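Step one of this worksheet: look at the structure below.
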Amino acid sequence: MERILSVNNRPDEKMENHRLEGNHVLEVNHLCTSFFTQKGEVKPVNDVSLVVPAGKIVGIVGESGCGKSMTARSVMGLLKYPGKIVSGEILLNGRDITHLPEKDRCRIRGSQISMIFQEPMTSLNPVMKVGKQVEEALRLHEHISKKEADRRMLEIFEAVGIPDAEKRCKAYPHQLSGGLRQRVLIAMAMICSPDLLIADEPTTALDVTVEAQILRLMKELCKDGTSLLVISHNLGVIAQICDYVYVMYAGRIVEQADTITLFDRPMHPYTKGLLHAVSALHRDQEVLDTIPGVVPNLLHLPEGCGFSPRCRECEDRCLKEQPLLTETGPGHKVRCHLCQSAGQGKASSEPMSGGECLKDTLPAENGKTASDSCPMKGEERK
């Protein structure tokens, strides 16, 4: 059973209608990415806009095939033929890097913006020692001596919690556990102190103990000044570390809000479906709720709302018209016709009791459940 943590199990969090104001390390405006294939144009990223403020952790959540990783690759400039950015802009610290030449991209990739890829075993070179792989990024961007690179490499290994760093740096990827390989990737991404770190499924295939350690490490990195964009289908990961969340479906943002608002008062039927599909110990149920159907083929998207074939609340308008992303509250936007109707119609949002889908689940830390450590347990959320 998946380990899910309460959105309230974050004692250092002070969420007050988080609107992501202030300096933005990353701004993505109306980004469209397409793959031009023999069968037609595929649009994995369709009019996506998001921001990552300085010193904050922003999450993107959704099922596999929703466009999360392709959004990250577009930002990193790692699209391969036949993919290309069709329109929109990507601003890194105010600088437009959308169509930056590859030579200039290489200068900022690793130094100003880094990425942790999904599977560490396939992201690391299997025939090169991990220490040398981490040093490579440092020497490429800072042109320092081998001795200085060795010292900095050992420092970052110790900083990310790799025990016996002098020995581990001489190991090959297959000689390390999954958790250590993930830490090596984090060390590689952080060694040049980038302004933005993109983590694509950073805890995939890790056991719950290692997962907790990696999440704790990522929050510590954020405290040191690095902004994070975390991509995951794991709602527990998103709830545990993110300040603000974007929900993606079929290449579009369908809902966005600060973490507590999203988990307490989800409005889009897709977001509600994701939350209700999470197992919770306080529920008396033998079969988990599911969202019927699958993510649509991006070559043959529905005429109207992309979620309409799977939506239990679908109306005639949903089948014919594409809904706009509309603000329904401070920092809370939803792409749904039902939420735009007078009085918000059937899609009106009811509180979910402090994130009922995510609390009272498996033990968190010190043998307590996530809700045991919830500072508002037993109180009505205001």
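The values are calculated or read from the model by the stated rules, or taken from the named source; none is laboratory data. As the structure is a prediction and not an experimental result, all values here were calculated from the model. We place every Cβ from the backbone using ideal geometry, glycine too, and count neighbours over all the protein chains shown.
Within this structure, Ala187 passes the test of being in the same structural domain as Asp164 (by TED's automatic domain parsing), among the hydrophobic types (A, V, I, L, M, F, W, C) and either farther than 30 Å from Cys311 by Cβ or not in a helix (DSSP H, G or I) (or both).
Condition (residue is charged (D, E, K, R), closer than 14 Å to Cys66 by Cβ and more than 19 Å from the chain's Cα centre (by Cα)) applied to the range 304-315: is it met by at least one residue?
yes
Within this structure, Gln182 passes the test of being in contact (Cβ under 8 Å) with a residue 40 or more places away in the chain, surrounded by 22 or more Cβ atoms within 10 Å (Cβ to Cβ) and in a helix (DSSP H, G or I).
Condition check ((1) more than 22 Å from Leu221 (Cβ to Cβ); (2) in contact with a Ser or Thr (Cβ under 9 Å, 6 or more places away or on another chain); (3) of a type outside the set (Asp, Glu); (4) not in a loop (DSSP other than H, G, I, E, B)) across all residues:
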{"position": "Met128", "(1), (2), (3), (4)": "yes, no, yes, no"}
{"position": "Arg152", "(1), (2), (3), (4)": "no, no, yes, yes"}
{"position": "Glu158", "(1), (2), (3), (4)": "no, no, no, yes"}
{"position": "Ile162", "(1), (2), (3), (4)": "no, no, yes, no"}
{"position": "Lys167", "(1), (2), (3), (4)": "yes, no, yes, yes"}
{"position": "Ala171", "(1), (2), (3), (4)": "yes, no, yes, no"}
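Checking each residue in the range 220-236 for being in contact (Cβ under 8 Å) with a residue 60 or more places away in the chain and over 18 Å from Leu26 (Cα atoms) picks out Ser232, His233, Asn234, Leu235, Gly236.
Only residues that are touching a residue at least 60 places away in the same chain (Cβ under 8 Å) and surrounded by fewer than 24 Cβ atoms within 10 Å (Cβ to Cβ): list them for the range 198-209, please.
Matches in the range 198-209: Asp200, Glu201, Thr204, Ala205, Val208.
Listed by first and then second residue, the pairs with beta-carbon distance under 7 Å, at least 6 apart or on different chains, first residue in the range 242-254 and touching a residue at least 24 places away in the same chain (Cβ under 8 Å), second of a type in the set (Phe, Trp, Tyr), are Val247/Tyr270; Tyr249/Tyr270; Tyr249/Phe307; Ile253/Tyr246; Val254/Tyr270; Val254/Phe307.
Go through Gly55, Gly65 for me and flag whichever is more than 23 Å from Ile214 (Cα to Cα), in a loop (DSSP other than H, G, I, E, B) and touching a residue at least 60 places away in the same chain (Cβ under 8 Å).
Details: Gly55 fails: more than 23 Å from Ile214 (Cα to Cα).
Criteria check complete, one pass: Gly65.
Pairs linking a residue in the range 152-173 that is within 15 Å of Pro120 (Cβ to Cβ) to a residue that is aromatic (Phe, Trp, Tyr) and surrounded by fewer than 17 Cβ atoms within 10 Å (Cβ to Cβ), with Cβ atoms under 7 Å and 6 or more positions apart or on different chains, do not occur. In this entry, Leu298 passes the filter for residues that are under 18 Å from Ile60 (Cβ atoms) and not in a strand (DSSP E or B).
As for the range 41-49, it holds at least one residue that is polar (S, T, N, Q), surrounded by fewer than 20 Cβ atoms within 10 Å (Cβ to Cβ), under 22 Å from Asp200 (Cβ atoms) and modelled with pLDDT of 95 or more.
I'd like the residue in the range 94-148 that is surrounded by fewer than 19 Cβ atoms within 10 Å (Cβ to Cβ) and of a type in the set (Val, Ile, Thr) and, out of all such residues, is farthest from Gly179 (Cα to Cα). Among residues in the range 94-148 that are surrounded by fewer than 19 Cβ atoms within 10 Å (Cβ to Cβ) and of a type in the set (Val, Ile, Thr), the one farthest from Gly179 (Cα to Cα) is Thr98.
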